[in-house]
1. State the number of residues belonging to region 26-79 that are farther than 25 Å from residue 15 by Cα and either at pLDDT 80 or above or in the same structural domain as residue 15 (by TED's automatic domain parsing) (or both).
2. Within region 14-31, which residues are surrounded by 13 or more Cβ atoms within 10 Å (Cβ to Cβ) and closer than 18 Å to residue 53 by Cβ?
Amino acid sequence: MSRLNRKELINLIIRIMNAEGSDAELDADIEQLIQLSEMLDVTNLIFILKLMMYRQRILQIRSSVSNHNYLNNKVSDFVFSVYSV
């Protein structure tokens with residue numbers, strides 16, 4: 001399998017992170033990434049990165065929510081606990 005340049009590799013990772021394409025295309029992209037990587041668990045890193053991005057977004061939302069709004073805080077706490085790494 002040929003090596004990808006930096007831009008191609010980034011695009012491959014973005015496609016996997018966004019689950020773009022059909023199941024077969026996504027499977028092929030994941031397999032290609034595994035073949036290109038020397039790390040056995042490279043796909044785990046992508047999904048951890050995705051969770052970290054969700055967590056960061058939730059933290060941003062939490063900081064913008066008023067402390068006086070009990071329901072919004074409870075919903076935010078729940079979502080944050082689900083996506084905490």
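1. Residues meeting the conditions: 0.
2. Of everything in region 14-31, those that are surrounded by 13 or more Cβ atoms within 10 Å (Cβ to Cβ) and closer than 18 Å to residue 53 by Cβ turn out to be 15, 16, 17.
The values are calculated or read from the model by the stated rules, or taken from the named source; none is laboratory data. No experiment lies behind these values; they were computed from the predicted model shown. Ideal geometry is used to build each Cβ from the backbone, glycine not excepted, and the neighbour counts take in all protein chains shown.
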